[in-house]
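**Q** Before anything else, here's the structure in question.
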Amino acid sequence: MQGFPRKRIPIVIVGLEFAGKTSFVLRLQTGEFGKTVPTSGLDTEILEIQGNLFQLFDLGGHERFREMFWKEYVKLSQGIVFMIDANDLEKLDTAVEWLWKCLKWNPEAPLMILANKADLTHIELPKLIDKVKLRRLPHQSPTRSFQIFEISVKTGMNIDRALNWFSQKIALSIAKKYIKVEGIYLFLRTGVPIVSHLFMNQPESAMDNDIVPGFLNAINEFASGMMGSTGGLDSLITENYSIVMVKREKLLCAIITDKKSDLSLARMVAESVVTHLEETFPHQLTKYQINGKYLFPENFLVNYLQQEFKENVVIST
Ligand SMILES: Nc1nc2c(ncn2[C@@H]2O[C@H](COP(=O)(O)OP(=O)(O)OP(=O)(O)O)[C@@H](O)[C@H]2O)c(=O)[nH]1
Ligand SMILES: [Mg+2]
């Protein structure tokens, strides 16, 4: 008996002619940069990225195709990739105009802007963000996830990073997974605590009895790699809470959620926090220490979580 075909998530890739859309799709399929011809009409491909099955619509970028059918495809898609030729800034105004049309047609779908051909030109991302008017986007659609990446389809630069981001965001926006964060802790890899936020409004005694006894021990063992051979156990389930722990090069993050929260999402969020912090504060973390206290901007973590994960992360109040 044949099973049901797996659900394919419709994704559209748009951008003016010659931006590199078909080259990008070709690279995703073959792993290589190959020759393309201008797309006449549209092509469609099925692609699997990180376990998600996508139906990708690669639309021709010439003006007549834009006018003819971009709107219908963009409207029906659950994710938008907009490609810009960063080596041809003369066409940027037209590209931006069409980008904003797409955003109006589809106010929800996650958006990934790819500034392509970084091998040919130095892309100044902050300037490009201004030109594309990206800072307006949260006002236009407050729940949409969006990100811009500088890439080169030719050399492969940043493509994995961009795809990871995109497939994660699509999966989230479709699955409507969520976590309720009751607390978030950051430690140096050695186990030294540097940031702690507790949002839960439980009576302190409940917290004391439930979490505290096992928590610090678990962190300590996790930090020193004592739990199992490969870092081992990375979550802790108590009567009322779940705790996941993630570590990278310098930092360790523990997120405390309520019991209904999705643990795989909690882990993804914790990973994203440590990666983001290690990239944002690349220097020795001791530099951010004054009088024995770590000075991260106020609400740094909360803002980051809200901006990056929107309604998928609820901060307990
Ligand atoms: N140097 C360089 N050239 C690229 C890159 N990506 C694509 N190109 C070239 O740009 C040209 C256009 O690429 P396509 O992928 O056909 O462009 P498209 O966006 O699909 O164009 P339409 O189908 O007409 O909308 C081709 O000559 C590609 O080889 C890149 O990262 N670097
Ligand atoms: Mg094409």
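Every number in this text was worked out from the coordinates using simple rules, so none of it is lab data. Here the structure is a predicted model, which means the values were calculated and not measured. Cβ coordinates were reconstructed from backbone atoms using ideal geometry, including for glycine residues, and neighbour counts include every protein chain displayed.
**Q** Suppose we take every Cα in the chain and form the convex hull; what volume per residue is that in Å³?
**A** Hull volume over Cα atoms, normalised by residue count, gives 178 Å³.
**Q** Describe numerically, in nm with one decimal, the distance between label points set 7 Å from Cα along Cα→Cβ at Asn158 and at Arg248.
**A** Placing both labels 7 Å beyond Cα along the Cβ direction yields 1.7 nm.
**Q** Got the relative contact order for region 9-175 handy, in percent, Cα pairs under 8 Å and 6 or more residues apart? The partial results should precede the final answer.
**A** Values: 276 pairs, mean separation 40.0, N = 167.
Worked out over region 9-175, it gives 24 percent.
**Q** Also: Around Val181, with a cut-off of 14 angstrom between Cβ atoms, what is the net charge of the other residues, counting Lys and Arg +1 and Asp and Glu -1? Intermediate values should be presented prior to the final figure.
**A** Details: positive: Lys177, Lys180, Lys259, Lys260, Arg267, Lys310; negative: Glu182, Asp258, Asp262, Glu308, Glu311.
Here the count lands on +1.
**Q** With +1 on each Lys and Arg Cβ and -1 on each Asp and Glu Cβ, how big is the dipole of region 9-175 about its Cα centre, in debye rounded to the nearest 20?
**A** 460 debye
**Q** With +1 on each Lys and Arg Cβ and -1 on each Asp and Glu Cβ, and nothing else charged, work out how big the dipole of the chain is about its Cα centre, in Debye to the nearest 20. Could you put the intermediate results ahead of the total?
**A** Details: 36 positive and 36 negative charges, 98 e Å.
My answer is approximately 480 debye.
**Q** Given the Cα-Cα distance of Lys104 and Glu48 and 0.36 nm per residue of separation, how much length would full extension add, in nm? Mind showing how you got there, number by number?
**A** Working: separation 56, 0.36 × 56 = 20.16 nm, distance 2.78 nm.
Extra length from Lys104 to Glu48 when fully extended: 17.4 nm.
**Q** Next question, about the same structure. Give the aspartates and glutamates whose C-alpha is closer than 14 Å to that of Lys101, dropping any in the same chain fewer than 8 places away, or say none.
**A** Reachable aspartates and glutamates: Glu63, Glu67, Glu72, Asp93.
**Q** Rounded to the nearest 500, what is the chain's calculated 222 nm mean residue ellipticity when only DSSP H runs of at least 4 contribute -39500 (n - 2.57) each, over all residues? If you can, show how the numbers build up before the last one.
**A** On the way: 10 runs with 105 residues, N = 317.
After summing the helix terms and dividing by the residues of the chain, the value is -10000 deg cm²/dmol.
**Q** Starting from the Cα of Lys21, draw a straight line to each of the lysines and keep only those under 16 Å, dropping any in the same chain fewer than 8 residues away.
**A** In chain and number order, the partners are Lys35, Lys91, Lys117, Lys154.
**Q** Taking N as the number of residues in region 9-175, what is its Cα Rg relative to 2.2 N^0.38 Å?
**A** Numbers: Rg = 14.4 Å, N = 167, 2.2 N^0.38 = 15.4 Å.
My calculation over the Cα atoms of region 9-175 gives 0.94.
**Q** To continue, here is another question. Leaving out same-chain residues fewer than 8 places away, which aspartates and glutamates sit with a Cα under 15 Å from that of Lys7?
**A** Partners found: Glu45, Glu48.
**Q** Relative contact order of the chain, please, whole-number percent, based on alpha carbon pairs below 8 angstrom and at least 6 residues apart. Don't skip to the end; give the middle numbers.
**A** Values: 497 pairs, mean separation 43.8, N = 317.
Relative contact order here is 14 percent.
**Q** Gain in length, Lys71 to His139, computed as 0.36 nm per residue apart minus the alpha-carbon separation, to one decimal in nm? Could you put the intermediate results ahead of the total?
**A** Numbers: separation 68, 0.36 × 68 = 24.48 nm, distance 2.17 nm.
Here the answer is 22.3 nm.
**Q** What full-extension length gain, to one decimal in nm, is calculated for His276 and Asp88 as 0.36 nm per residue of separation minus the Cα-Cα distance? Working shown, then result.
**A** Numbers: separation 188, 0.36 × 188 = 67.68 nm, distance 3.08 nm.
This chain segment gains 64.6 nm when fully extended.
**Q** Moving on to the next point. May I have the extent of the alpha carbons of region 56-100 along their three principal axes, as whole Å values ordered from largest to smallest?
**A** The Cα atoms of region 56-100 stretch 30, 21, 17 Å along their principal axes.
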